[in-house]
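The block underneath contains the structure these notes are about, expressed in structure tokens.
The values are calculated or read from the model by the stated rules, or taken from the named source; none is laboratory data. Here the structure is a predicted model, which is why all the values come from computation and not from measurement. Neighbour counts run over all protein chains shown; Cβ positions are idealised from the backbone, glycine included. Accessible surface areas use protein heavy atoms only, side chains included; no ligands, DNA or RNA. Shrake-Rupley method; radii C 1.70, N 1.55, O 1.52, S 1.80 Å.
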Amino acid sequence: MNKALSRGCFITVEGTEGVGKSSNITFIQETLQAAGIDVVATREPGGTPLGEEVRELLLDHRHSGMSSDAELLLMFAARAQHIKQLIQPALNQGQWVLCDRFTDATYAYQGGGRGISNERIATLENWVQGTLRPDITVLLDLPVDIGLARAAIRGVADRFEKEQQAFFEQVRNAYLAQAETQPKRYRIIDASRTLEAVQQQIAGVLQLILAEQGA
Ligand code: TMP
């Protein structure tokens, strides 16, 4: 429970391609559940039937000509539905929400990667989210070349994964810049280490969060 806001805690997980989000999100979910937390795991873009359909549009190569503004607005359209249908109701009931990417990804990919201004993104953020912001953001950070090499093993690349290294360098830099301006919310994890070492770092972060939240 976020005591200050009388609602569940909202945790997001971010990072560039190949940082190991999926296995670490499962680890976070299982660790929280073992501590007796009722946690809902979800993802963006997606998380609702509408959002998952929007996700398909966003990742599909057939839309390689999608404009940056259309991409940005689709991200927020999916997010608006996600917040209304899933995130806010769960938080209001005292459940914790663990989300695989959220608006920080928009600042990183559509802002850093595509070059849309932070001011424009902030306008949509305020409109769609009101005062809702993540309480904690775990940033899995890794040099881009290592992440891309790891992601390449996974098989068919989606519309974003087809981007070049320079794009992901901008995405990573944008994440790190955000983390620097919001040190209270961000927890940066060195994802270049072994999975075991990464999970040890994450476990330490979770212990602190659980202690802070009085859970
Ligand atoms: P995933 O690979 O983590 O499932 O995410 C799908 C892609 O969507 C990923 O390449 C990052 C991208 N994305 C954005 O560009 N902006 C956003 O706001 C979000 C949530 C994801």
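Here are a few things to note about the model shown:
- All helices (runs of 4 or more DSSP H) inside segment 123-215 with 3 or more residues being at positive phi: none
- Test: residue in segment 27-48 that is open to solvent by 20 Å² or more (accessible area, probe 1.4 Å), at pLDDT below 95 and part of a helix (DSSP H, G or I): no
- Residue satisfying all of: in segment 85-104; farther than 19 Å from residue 13 by Cα and without any contact (Cβ under 8 Å) to a residue 60 or more places away in the chain; surrounded by the fewest Cβ atoms within 10 Å (Cβ to Cβ) among these: 89
- Residues in segment 145-181 that are free of Cβ contacts under 8 Å to residues at least 24 places away in the same chain and polar (S, T, N, Q) were compared, and the one that is most open to solvent (accessible area, probe 1.4 Å) is 164.
- Candidates 62, 120 - the one that is open to solvent by 20 Å² or more (accessible area, probe 1.4 Å), under 29 Å from residue 156 (Cβ atoms) and basic (Lys, Arg): 62
- Output for segment 65-84, where each listed residue is over 22 Å from residue 130 (Cβ atoms) and either surrounded by 17 or more Cβ atoms within 10 Å (Cβ to Cβ) or not polar (S, T, N, Q) (or both): 65, 66, 69, 70, 71
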